[in-house]
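These notes are about the structure you will find just below.
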């Protein structure tokens, strides 16, 4: 048996804790059975308890599974053991949440019996798989977030654990809100979703999406655990993930119809699909440049490899934020080129009017990435939050101040599609070059 799983089972699923959970379930189900049906039902109580055990409490235990080892100073000893990353991952993920799954799985029969009664056996089985996958997805997201934040070595474990728990809960609730909205769509007569020009059943599409994203989350936990155990991760899995989210997001170009998108030959749907793909990789760049450490020593080493001509070795050592930034730049440049010849329109704007703002956005992205690297070099682990504060100043406070002062200078800080778009591109890239130079100097070895 998995030794790490067995160890966590002994620590978490103690007989006393399991009896407590069982007693709580018995009391709640007894009260729900005796209460008026319009006030409380057993299946309603079981659903609430499942979310409490598996999602709310389970994500916290998953986030604490490694953080608690670091606080108790036992993690270094575990990293030196012979346990491989996959064994450690499953041991932490399932072992730390074993008591939560005990309570959650006891709630499932009550929930699924109501689904069986109302919609039949197939719907009940499908709903059961969705609930289990959703709980595992939320816990995997919390554990993955904790492993990423551990690399930052901020030392503020309570805040980090809370943020990781929030990330897991958000992952679960975002998917469940999509799934629960299916009934509202069906009441309006909409039972299908258009993706890449093909119609798919809403339920089947969301179900398969959950399973695929669960697979990516588990793969991410495995790779993060490999990093913690000092195994080298290549760039290819992250590149595959970027390709996946770009293709997945690009398939929803039909949603732009709500923004009065009108397509025209010869590009037709190509530009809006590339626009959505670019937004997906752009979001991954900002999220990863915040989450991942920008270690000056590592950045200097990468620079040495490039100067020595060892490009492939440097490529294999690139961080996820670097790969995301490169992908965003590539997609953005291609998108800007296509927009210049696209005769489509988006709302009141022609697609060609967005070419210059896209180039400006790439400049601002370069500036923002350089700000994160600079702040990390100057302030250490607290630099990422300082960078966030600076970006809030640049994107929110200063533009609002310029607007109130009646100065039409927003192009200095934001990509704009009006007459000053060309000046906006120039401003963005001047700022980017200045910040890149400052960031480069901040990571150089001090004499």
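The values are calculated or read from the model by the stated rules, or taken from the named source; none is laboratory data. Note that the coordinates shown come from a computational prediction; the quantities given were computed from them, not determined experimentally. Ideal geometry is used to build each Cβ from the backbone, glycine not excepted, and the neighbour counts take in all protein chains shown.
Odds and ends about this structure:
- All positions within segment 331-347 that are touching a residue at least 40 places away in the same chain (Cβ under 8 Å), within 32 Å of the chain's Cα centre (by Cα) and on the phi < 0 side of the Ramachandran plot: 331, 332, 334, 335, 338, 339, 342, 344, 345, 346
- Here 256, 330, 316 are screened, and the one residue that is in contact with a strand residue (DSSP E or B) (Cβ under 8 Å, 6 or more places away or on another chain), more than 19 Å from residue 418 (Cα to Cα) and surrounded by fewer than 20 Cβ atoms within 10 Å (Cβ to Cβ) is 256.
- Count - residues of segment 119-162 that are in contact (Cβ under 8 Å) with a residue 60 or more places away in the chain, surrounded by fewer than 18 Cβ atoms within 10 Å (Cβ to Cβ) and not in a helix (DSSP H, G or I): 4
- Flag not set for residue 347, criterion: at pLDDT below 95 and over 26 Å from residue 278 (Cα atoms).
- Against the numbered list (1) surrounded by fewer than 20 Cβ atoms within 10 Å (Cβ to Cβ); (2) closer than 29 Å to residue 226 by Cα; (3) in contact with a helix residue (DSSP H, G or I) (Cβ under 8 Å, 6 or more places away or on another chain), residue 116 comes up short only at (2).
- So residue 306, is it surrounded by fewer than 15 Cβ atoms within 10 Å (Cβ to Cβ) and in contact with a helix residue (DSSP H, G or I) (Cβ under 7 Å, 6 or more places away or on another chain): yes
- Looking at segment 230-325, the helices (runs of 4 or more DSSP H) lying wholly inside it that each contain 3 or more residues that are more than 18 Å from the chain's Cα centre (by Cα) sit at 270-291, 296-307, 311-316.
- Matching entry among 67, 28 (being in contact (Cβ under 8 Å) with a residue 24 or more places away in the chain and touching a helix residue (DSSP H, G or I) at 6+ places or on another chain (Cβ under 6 Å)): 67
- Qualifying residue in segment 371-382 (condition: over 21 Å from the mean Cα position of the chain (by Cα) and modelled with pLDDT of 95 or more): yes
- So residue 59, is it under 30 Å from residue 149 (Cβ atoms), in contact with a helix residue (DSSP H, G or I) (Cβ under 6 Å, 6 or more places away or on another chain) and either assigned to a helix (DSSP H, G or I) or modelled with pLDDT under 90 (or both): yes
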